[in-house]
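The values are calculated or read from the model by the stated rules, or taken from the named source; none is laboratory data. This is a predicted model, so every value here is computed, not measured. A quick note on method: Cβ atoms are made from the backbone with ideal geometry, for glycine too, and the neighbour counts reach across all protein chains shown. Protein only, heavy atoms only, side chains kept; ligands, DNA and RNA dropped before computing areas. Shrake-Rupley method; radii C 1.70, N 1.55, O 1.52, S 1.80 Å.
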Amino acid sequence: MTTPRIGVIGGGQLARMLFGAALDLDLAISFLVRPGDEGIVGQAANVTVDELNLASLERFASQVDILTFEHELTPVDALKELEQRGICLRPSADTMAIAANKLAQRELFQRLKLPIPRFVKLNADTVFELPCIAKAIAGGYDGRGVRWINEPAELDTLVVSDTPWLLEELLEVDTEIAVLTVSTPEGDITTYPPVRTIQRDGICVEVQWPSGATDELEGRARAIATAIARELAYVGVLAVEFFVVAGKLYVNEIAPRVHNSGHMTIEAASTSQFENHLRAIAGLPLGPTNFTTPATMVNLLGKLGPLEAYEPPPNTRLHLYGKEGRPERKVGHVTATAATVAEAAQLAHRARDKICIHE
Ligand SMILES: Nc1ncnc2c1ncn2[C@@H]1O[C@H](COP(=O)(O)OP(=O)(O)OP(=O)(O)O)[C@@H](O)[C@H]1O
Ligand SMILES: [Mg+2]
């Protein structure tokens with residue numbers, strides 16, 4: 001049997017790390033990247049730069065056996081059309097349609113009777129308690145579609161904006177955790193151990209394992225993530241984000257792809273999320289998902305100093321994304337491993353402080 005050729009839609013840091021895993025597995029992989037996107041361009045051989053429309057997607061799909069995704073920005077109608085023409089999408093067009101729309105995600109969670117924060121779609125006459133959180137229904141990422149709302153007047157601009165918004169109850173979040181599931185085409189589903197994610201201004205800044213949550217809470221999170229993957233007949237890696245509030249779990253959102261919460265699986269787990277995503281979509285046997293060491297990953301945001309001036313602390317590994325530095329932009333990450341998560345966090349922070357430029 002020859003392994004299938006994989007086509008990735010998207011070309012940022014997730015594509016770069018998928019590329020690394022594809023090299024190790026000797027899988028043929030190519031990328032369809034929007035003009036101006038940074039990350040994989042110039043680093044991998046098989047990169048097509050084009051807008052994302054049916055014609056470009058068809059051309060790209062004709063060169064590969066399986067399409068997969070690095071972001072949720074592909075027009076859903078085009079994906080459905082490709083699928084109808086017999087092209088293999090993993091995950092499916094229906095799943096991408098749900099994942100790209102925060103209202104559709106919430107309908108899925110309600111159908112599965114999962115605990116979620118109260119929410120309403122925002123209209124001119126919406127009444128909802130403040131303070132609350134406003135979320136762009138589509139197109140948001142890295143906190144860019146999330147607003148903290150204190151005054152009714154702050155909703156005025158959102159009501160008249162071109163894109164739809166929803167309002168959500170502001171939870172007093174104690175911690176956040178995330179679970180990665182990996183699903184095979186045969187419907188076997190496995191999970192990585194939950195990790196703790198730490199956000200600042202809606203952006204993920206740090207991830208830790210162990211998560212610090214109780215076994216019971218972790219078990220419930222894994223069961224919920226598995227139920228979502230099963231309902232979607234998912235194939236590949238799916239990320240599920242949770243809030244923990246007074247010992248209770250709420251589902252926040254899903255991401256139909258490899259995820260920031262899983263970057264440290266490269267150094268700290270038996271099999272990285274990137275390798276297991278490729279294995280899953282290619283129909284190869286999955287690797288074990290256990291962590292082998294406590295670890296902390298910190299995102300590098302904004303601007304970085306010169307590599308020449310950076311001396312890596314021990315047991316840390318730097319990943320640069322080839323992106324120009326801009327405020328609050330993820331341009332790299334560092335993973336540190338140690339005997340305890342506290343020590344790993346200390347090492348990762350030390351690395352971050354050495355390379356990030358604070359302006
Ligand atoms: N209802 C809420 N109550 C309290 N905090 C919230 C709520 N919703 C979101 N947040 C905070 O904002 C962060 C980002 O929210 P969310 O995950 O919906 O946005 P996103 O931009 O889609 O995320 P991502 O960075 O994962 O792409 C959450 O991780 C959490 O820290
Ligand atoms: Mg999120």
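List of remarks:
- Some residue of segment 34-46 being in contact (Cβ under 8 Å) with a residue 24 or more places away in the chain and within 26 Å of residue 181 (Cα to Cα): yes
- Filtering 256, 294 for residues that are modelled with pLDDT of 95 or more and either open to solvent by 20 Å² or more (accessible area, probe 1.4 Å) or among the aliphatic types (A, V, I, L, M) (or both) leaves a single hit, 294.
- Extreme residue, most open to solvent (accessible area, probe 1.4 Å), among residues of segment 144-181 that are in contact with a strand residue (DSSP E or B) (Cβ under 8 Å, 6 or more places away or on another chain), polar (S, T, N, Q) and at pLDDT 95 or above: 175
- Taking segment 209-222 as the range and being in contact with a Pro (Cβ under 8 Å, 6 or more places away or on another chain) and touching a residue at least 60 places away in the same chain (Cβ under 8 Å) as the test, the residues that pass are 209, 210.
Yes/no per residue for (1) surrounded by 20 or more Cβ atoms within 10 Å (Cβ to Cβ); (2) part of a helix (DSSP H, G or I):
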| site | (1), (2) |
| --- | --- |
| 322 | no, no |
| 327 | no, no |
| 331 | yes, no |
| 334 | yes, no |
| 350 | no, yes |
| 354 | no, yes |
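- Among (1) in contact with a helix residue (DSSP H, G or I) (Cβ under 8 Å, 6 or more places away or on another chain); (2) more than 17 Å from residue 322 (Cβ to Cβ); (3) open to solvent by less than 50 Å² (accessible area, probe 1.4 Å) - the single one residue 60 does not satisfy: (1)
- Sole exception among (1) in contact (Cβ under 8 Å) with a residue 60 or more places away in the chain; (2) more than 16 Å from ligand 1 (Cβ to nearest atom) for residue 298, by number: (2)
- Every listed requirement among (1) over 22 Å from residue 225 (Cβ atoms); (2) without any contact (Cβ under 8 Å) to a residue 24 or more places away in the chain is met by residue 132 save one, (2).
- Of residues in segment 182-211 being out of contact with any Gly (no Cβ under 9 Å at 6 or more places or on another chain) and either at pLDDT below 95 or away from ligand 1 (no atom under 16 Å from the Cβ) (or both), the one farthest from residue 257 (Cα to Cα): 210
- The C-beta contact set for segment 88-114 (first residue in a helix (DSSP H, G or I), second residue open to solvent by 10 Å² or more (accessible area, probe 1.4 Å) and among the aromatic types (Phe, Trp, Tyr), distance under 9 angstrom, 6+ apart or interchain) comprises 102/119; 103/119; 106/119.
- Of the criteria (1) within 16 Å of ligand 2 (Cβ to nearest atom); (2) closer than 30 Å to residue 348 by Cβ; (3) in contact (Cβ under 8 Å) with a residue 24 or more places away in the chain, which one residue 196 fails: (3)
- Scanning segment 228-253 for residues that are within 13 Å of ligand 2 (Cβ to nearest atom) and open to solvent by 20 Å² or more (accessible area, probe 1.4 Å) yields 241, 243, 250, 253.
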